[in-house]
Amino acid sequence: MRYYPIFLDVKGKNCLVVGGGPVGIRKALTLEKCGARVKVISEQFLEGTDGFKGTSILFVEKKYKKKDIKGMFLVFAATNNAELNQEIKVDAAKSNILCNVADAPDKSDFLVPSIVDRGDLLVAVSTSGASPAMAKKIRQDLEGFFDPAYAKVLCLMGNIRTKLLSAGHAPDDHRQAFSNLIDRGILELVRTGDEININLILNEIFGKGYMYQEIVSGKRGG
């Protein structure tokens with residue numbers, strides 16, 4: 001195994017993307033979605049970039065300078081100039097900042113995987129840079145398997161856990177209850193929208209006051 005798999009918390013962290021083309025914009029949008037403070041530097045931006053001005057991303061039309069990486073948590077070299085990308089990588093290395101070089105996994109400190117996003121469920125796929133096309137194919141296959149019902153179930157379970165903790169229940173006591181919930185077919189019930197049986201199971205396992213619609217909407221019953 002060449003790479004160490006990790007899910008990184010970038011919320012509130014300064015991240016720099018150099019490159020205003022499709023690749024750079026895509027990376028910037030993903031970082032922003034994860035709560036990072038994102039700056040994108042480019043001498044020229046992709047046509048239509050104005051449509052992203054409603055995000056918190058800072059777009060700066062200028063030539064890259066070494067000082068631009070100062071204070072950054074992560075750097076992404078995503079220009080169409082291989083020499084400039086390598087210059088950015090060297091600058092980042094001198095400042096002990098991890099850098100991803102677009103389309104050059106062998107020159108990157110880390111790879112950006114192909115992602116299946118289902119709310120709290122995040123499935124990341126990597127071929128270690130051997131074949132991005134295969135990673136995309138695997139991701140598409142997984143998207144068919146992990147349908148939107150998984151996001152709803154995880155939202156339900158996460159809110160139940162929060163409610164139990166607020167009532168003073170010990171975390172270790174939850175494990176069997178959640179296992180029972182899964183074994184009772186909660187995923188399929190959510191998938192088919194069978195709220196009657198969902199509520200019956202919730203009340204049986206967790207007691208009164210656990211109603212599907214109230215829990216998934218974030219409400220806290222008595």
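Bear in mind these aren't lab numbers, they're just calculated from the coordinates by the rules spelled out. Bear in mind the structure is a predicted one, so any value in this text is a computation, not a measurement. Here the Cβ is made from the backbone with ideal geometry for all residues, glycine too, and neighbour counts use every protein chain on show.
Just a few scattered comments:
- Among the residues of the range 160-217, those identified as assigned to a loop (DSSP other than H, G, I, E, B) and basic (K, R) are R184, K208.
- All of V18, V60, V38 fail the test of being more than 25 Å from S114 (Cα to Cα) and of a type in the set (V, I, T), apart from V60.
- Positions within the range 121-141 being under 19 Å from L31 (Cα atoms) and either within 10 Å of the chain's Cα centre (by Cα) or free of Cβ contacts under 8 Å to residues at least 12 places away in the same chain (or both), in sequence order: L121, L122, V123, A124
- Among the residues making up the range 66-83, those that are surrounded by fewer than 18 Cβ atoms within 10 Å (Cβ to Cβ) and either in contact with a helix residue (DSSP H, G or I) (Cβ under 6 Å, 6 or more places away or on another chain) or outside any helix (DSSP H, G or I) (or both) are K66, K70, G71, F73, N80, N81.
- Selection count where residues are touching a residue at least 12 places away in the same chain (Cβ under 8 Å) and either among the β-branched types (V, I, T) or farther than 10 Å from V18 by Cβ (or both), scope the range 64-90: 14
- Check on R118, free of Cβ contacts under 8 Å to residues at least 60 places away in the same chain, within 19 Å of F7 (Cα to Cα), among the basic types (K, R) and out of contact with any helix residue (DSSP H, G or I) (no Cβ under 8 Å at 6 or more places or on another chain): no
- Criterion applied to V38, V112 was being in a loop (DSSP other than H, G, I, E, B), under 17 Å from the mean Cα position of the chain (by Cα) and of a type outside the set (D, E), and the one residue passing it is V112.
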